[in-house]
1. Just to be sure I understand the model, the point goes 7 Å from the Cα along the line to the Cβ. What's the resulting residue B:38 to residue A:665 distance in nm?
2. Taking loop as defined by DSSP and a crowding limit of 13 other beta carbons within 10 Å, which trypsin sites (Lys or Arg not before Pro) in segment A:173-234 fit?
3. Could you tell me whether segment B:47-100 comes out rounded, prolate or oblate from its Cα gyration tensor? Rule is a ≥ b ≥ c as square roots of the eigenvalues, rounded for a/c under 1.5, then prolate if a/b exceeds b/c, otherwise oblate.
4. Give, in whole angstrom and from largest to smallest, the semi-axes √(5λ) of the equivalent ellipsoid of chain A, with λ running over the eigenvalues of the Cα gyration tensor.
5. What aspartates and glutamates does residue B:241 reach when the alpha-carbon gap must be under 19 Å and sequence neighbours fewer than 8 apart in one chain are set aside?
6. I need the P(r) histogram for segment B:1-127: all alpha carbon pairs, bin width 5 Å from 0 out to the longest distance, whole percents.
7. In this model, which of A:274/A:617; A:202/A:338; A:262/A:338; A:289/A:617 are farther than 31 Å apart at the alpha-carbon?
8. Suppose we flag chymotrypsin sites (Phe, Trp or Tyr not before Pro) only when DSSP calls them loop and at most 13 other Cβ atoms lie within 10 Å. Which is the longest uninterrupted stretch of chain A?
Amino acid sequence: MQAPRTSFSRAVYELFSSMRFAISLLTLLAIASIIGTVLKQSEPYSNYIIELGPFWFKIFALLGLYDVYHTGWFLGILVFLVLSTGSCIYRQTPLMLREIRSFREHATEASLRGFAHRADLAVGIAPAAVLERLTGYLAVRGYRYKIRAEGEAQPVLIAAKTGSYTRLGYLLTHGAIVIICIGGLIDGNVPLKVQELLGYKKVETRDLASNQVPAISRLSPANLSFRGSISIPEGGAADVIYLNVADGYLVQDLPFQIHLKKFRIEHYATGQPKSFESDIVITDPDSKKGFEGTVSVNHPIVYRGVAIYQAGFGDGGSRLTLNGWNLFSPAAGSFPFKGEVNQASRLANGQTQYSVEITDFKAFNVQDTGEGEDDEAAPPRDFWRNAERALGDAASSAPKKRAHNVGPSFQYKIRDAQGQAKEFHSFMLPLLLEGRRYFVSGVRGAPNEPFRYLRFPADENGAIDGYMRLRGTLFDKTLYPEIARRFAISATPNAAEQALRIKLAESTAKLLEIFARGGFEELAKFIEGSVAKAEQEKAAEAYFKVLERAGFEAWQLSRERAGQKPAQIDEQTALFVRDSLNAANDSFYYGSPVYFQLDHYDEVLSSGLQLTRSPGKNIVYAGSVLLILGVFAMFYIRERRIWLLVKSGEVLFAMSSNRKTLDFENEFGQHKSNLANLLKG
Amino acid sequence: MEAVQDYRQVSFFRGLSGFDWVYAALLAAGSVYAFNLYGGYMDVYEKGILFLIAALLVGLGWFWKPVRILLPAVALLALFGVSQYHGELARAGQAFWLKYLFASQSAIMWMSALFVMATGGYWLGLALRSDFVNRVSAAITWSATAMGLIGLLVRWYESYLIGADVGHIPISNLYEVFILFSILTALLYLYYEQYYANRQLGAFVLPVISAAVAFLLWYAFGRDAQHIQPLVPALQSYWMKLHVPANFVGYGAFAVAAMVGVAYLFKSKGLLANRLPDLAVLDDVMYKAIAIGFAFFTIATILGAMWAAEAWGGYWSWDPKETWALIVWLNYAAWLHIRLVKGLRGAMLAWWAVVGLVVTVFAFLGVNMFLSGLHSYGTL
Ligand code: HEM
């Protein structure tokens, strides 16, 4: 091995090839990796700003902590690791090769006496037979040996060894690390990083159509390695993919076009997804030939070195037909509204203009609890009941319908003229919550908030119309006198109490009016303003009872007007009325005057495909194979050396190994007694 | 020259007995039978895996003789269990043998109970210095392992009774892999127990299995997690059959190493000093366990990368689970460097092995609990 020329390069080489440096790099690598797992990576930047505040957001951004594994400094650590391990190999290889070849037959008696594992063995057999016996023994024990005899006077030394190839283990494992890192760096796309650094490529952050993205943010089909994704609606096609970089993206032009014919989701009987499959057609402008195939999870298609994976799915522009209900108008009916996912439509409510943007549609919603989306509705966890089941068997006693499909849902935003938006999430079919059925619609003000759900009770036909008619009645001032009258009559069976009836009717009408203005809160305000403090609680209770019974009368009235027979007076009806009052009250906090119910839909899915070209993959795999071979060679080929110095009447036996284990101790003991026996005669 | 012939080392194959060959023949026949029966439903990789596993089990039995009894016994009892179903899942709760012994859930409960008994037994043996008690504990540990294996095999069959499309090898969620972990850790321990002719370490290794059992029971009773669930599309791959077991040999070995590390620390502090094996023995077991764990963990991580390349479109995505696997791996690589290159021994390495288990447990459980990523099956 040649010494590097100058002392500086010598010092660098010393540093790089030292184990301390390697361990420091590995520690650094581990710490950086941990950061990347603790801080969620590649989120939209706005999330980080909310989470960290503007100051730390900037500092973290500067350090590249939102995409740690692709920052220059992280790749730098890997490069240094390659250099360090490489120079370590460079330094150790000659030593290792010498170890593999050498028998160390020049060991002196003095040095052998310094061994921890040695013994003096007495010779009882004819001196002429000693050498033959010893070498014979070594041979049957699988040792190779070399004999050094220098002249008559000198004692003869037999130097033997076995398992030297353990040293190859070092070369294989450490070489493998270098090879794997190089493969990884190729796929980490170092050339692109450099171009970005030098300003030849710029990340696009605007929301543009793919063909509008300028050349500086586009990568040519010849790009060595990439990993990006694209979402293609059924019937659509794409010839680019998007690579997510920092808070934006780059557009990678593909050497071919992918057309999505059909996307399929299959489900198990329980409703969980069983498979995602995309039927695609690839058209290659070079060969002019088409290529058809199906991509599914765990079954990618590789075409011209580009692997195409099933990564996800979404809505590709389903057409929805909705019924809109004005939540505060006296009208019982709805108006039709048509929309398409990912499109905005105008909606006018009196003077105010809104824009309705349908953002998502799902035909299937599998829920685990049978209790709907409500965050508070946690599954009941009865320890002993579960224990009984767990002691039984794993399959047949599964709780009935643990997970099942609750039907379609859709998501939309309603944006006012000022651009402020609220987001809604509604289910098409009523969900079973605490034993009763509700139409559920959630609302939130910002994407990182959870939805708060409003429940409209389903009527006896499982439809929303019943509630909507009752709501119309409750918000129709002209009907209050009639409702109040009916309630007053039912509350005072004695017809003689006419005066009381009138008074009761008056206050009931007033109550309805207050409720229609702002729900329970308005009612509470009224009570605070008109009732003595000590009496308030009692008054609230009484008012609430009146409201419920008036609600019941309103329900009957609404049915009458719709030409239906009166509802039965039972628990079921009482609950429906109570739920309706709650829903009407909650409508004040719903954030939109309109509730949309999904009437029917025409589903169009889109398939999320991931495309990668990773020329480093085979390099990494080759390195991996070497790594495994090397690890086993290092651990399970044991290098052992034996020296036998044959003197007159005595043999000095010494032994060494590069692994000081108990196995070695045992083996030494065995050899010692075997050799002693052999030499005794 | 004849004198040395007495010391000839018999080659591995010549040393095999008739029983070894009968065992191999049984396994070969069994795998060919399975192939004929189910080959039509397997893809080429699964066929390869079937014969690979058969070959590995032959090798394991030849290398470590008790396996030649364990496996046929487990196979026989599991087949008996399966025969009791008559194709009806409901019989798990009705047929006598199933209800009380061989339905998967019953077998797993037996495994749990036996492991806990064995833990107590080893401690009693340590306290009384009774080799007899320790022998009994070892026998219980073997039985627990057998029941666990039977439980998994029958569960495999049960999953197909739920539905042909639901059926899958029972190593697909946290509940199932905890059973696998218990079994593999016990087997690794039993191997070392025999190799070092030393039964005191059971008192240290079995508690970690009991802890796994405690988790298992909590997971089943508290979280109702014992039900067989169909596989999400990402897990429908032959890679699972290779990646998961390899990983759990690694985890099991690291757990053994850490618990032996605890024994080492006890002994070096003078606790139970005259009841535990020599420090040199403890050190040796620790090294051996970490070496085998490291080797298997390396394989598992590489297999995982290959699977990821097929399922997610990249062999390495810096997903939290992957990243933590790397951290675990780097940690043990550092441990091995310190011991083998720097030649360090003693309490420091024992502590490190214990800390290593903490890191490993985080990679195994903590990532699922606290971090989100692509490995999102098996939440708590
Ligand atoms: C990611 C980086 C590395 C990994 C995973 C790694 C892994 C290993 C492993 C597992 C061993 C086994 C211990 C043995 O059986 O001897 C080993 C040994 C060794 N490593 Fe590393 N190593 C790495 C980097 C380095 C570097 C950079 C150096 C250079 C200073 C180095 C020097 C050595 C030496 C000298 C041995 C002992 C070889 C022997 O005596 O057989 N290692 N390494």
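1. 4.6 nm
2. A:206
3. Here segment B:47-100 falls in the oblate category.
4. 81, 33, 24
5. Here the aspartates and glutamates satisfying the reach criterion relative to residue B:241 are B:43, B:46, B:158, B:165, B:176, B:310, B:322.
6. The distribution over segment B:1-127 is 2, 8, 12, 12, 14, 16, 13, 9, 5, 4, 2, 1, 1, 0, 0, given as percents.
7. A:202/A:338
8. Between exposed loop sites, the widest span is A:201-588.
The values are calculated or read from the model by the stated rules, or taken from the named source; none is laboratory data. Keep in mind the model is a prediction, meaning the values are calculated, not measured. Backbone-built Cβ (ideal geometry, glycine too); neighbour counts: all protein chains shown. Ligands, DNA and RNA are excluded from the accessible area calculation, which covers all protein heavy atoms including side chains. Shrake-Rupley method; radii C 1.70, N 1.55, O 1.52, S 1.80 Å.
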